[in-house]
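The structure under discussion appears below in the form of structure tokens.
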Amino acid sequence: MFVVLTENASADWSLGEGVGQYLGSPRSCPQSPVVRPRGRGDFADTASGPGPRAGARGAPAPPPASVPSMKITEPSRTPELRKADLLGRLEREIDIWVGTADAEGVPCLVPLSFVWHDEAVWLCTRLSNPTGRNLRDGGRTRLAFGDTRDVVLVDGEVRTYPMREVPSAAAEAFRAKTGWDPREDDGSYAFFRVRPRAVQAWCEQHEMPRRHLMREGVWAV
């Protein structure tokens, strides 16, 4: 079963429930390649239309490493291996999908550059954007990497940091990874710390069991 959200659909914020299964023919699911830095903020999230994306001034990311693919006929990864794969992706990848909703349940989904720092995901976008407002006002988000056959879902609690309050270590880690320092831009930007509360990871239907790696902010492995 797959769920498709439209612009008027309400968001499902249950942690760990409602996960669709893949019912197609067996296919390999290579780990996600690295994507090069993109923009400043989420241009699809703005009323003014397309614009630069975060990290545009940074150097291109290195080419993806060769990662063996997994087939549905192969044994499932252990939770310990899934956690190691997850932490590797958090260090290696540049962008992540950010799902939010406003007070009326209208969903918003955009990719943002991020950094994994101090056991949290750090994001940056304008407070004037729907995503920035939703993160600030709602205080929670669902994050995901871009693969549908190497799935990572992270549900987390959000704390908003105006530029004058962001910890310097987090801002420097973000700059070092993306090549973009939002502190040098206008004051409408803010940082958002996402502290994971629930984490799931699976490749293909055969890995659906034991996919919950974290519950209530505590690693299960």
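Annotations
- Counting only protein heavy atoms and a 1.4 Å probe, segment 166-221 has 42 square angstrom of accessible area per residue.
- For the pair D118 and D137 in one chain, pulling the backbone fully straight at 0.36 nm per residue adds 4.5 nm over the alpha carbon distance.
- Packing-based ranking, highest mean first, of 204-217, 146-159 given that Cβ atoms within 10 Å are counted: 146-159, 204-217
- Sites L81 and R164, calculated FRET efficiency, Cβ-Cβ separation with R0 35 Å, nearest 0.05: 0.25
- Close amide-amide hydrogen proximity is noted between E157 and R195, R197, each under 5 Å apart and 5 or more residues distant or on a separate chain (H modeled in the peptide plane; Pro and chain starts excluded).
- ³J(HN,Hα), Karplus 6.51/-1.76/1.60, whole Hz, each residue of segment 213-221, x for Gly, Pro: 9, 9, 9, 6, x, 10, 4, 7, 10
- Accessible surface, 1.4 Å probe, highest first, among residues T78, T131: T78, T131
- Debye log10 I(q)/I(0) at q = 0.18, 0.20 Å⁻¹ for segment 76-135, Cα point scatterers: -0.73, -0.82
- These residues, S188, S113, S168, go from largest to smallest accessible area, 1.4 Å probe, as S168, S188, S113.
- Dipole check for segment 110-221: with +1 at the C-beta of Lys and Arg, -1 at the C-beta of Asp and Glu, and the Cα centre as origin, the magnitude is about 280 Debye.
- Of the residues E91, E184, E74, ranked by 1.4 Å probe accessible area with the largest first, the sequence reads E184, E91, E74.
- Each residue of segment 159-168 was assigned a 3J(HN,Hα) from its phi angle through the Karplus curve 6.51 cos²θ - 1.76 cosθ + 1.60 (θ = phi - 60°); the sequence is 10, 9, 10, x, 3, 6, 10, 5, x, 4 Hz, with glycine and proline shown as x.
The values are calculated or read from the model by the stated rules, or taken from the named source; none is laboratory data. Note that the coordinates shown come from a computational prediction; the quantities given were computed from them, not determined experimentally. Cβ: placed from backbone, ideal geometry, glycine included. Neighbour counts: every protein chain shown. Side chains included, ligands, DNA and RNA excluded: accessible areas come from the protein's heavy atoms. Shrake-Rupley method; radii C 1.70, N 1.55, O 1.52, S 1.80 Å.
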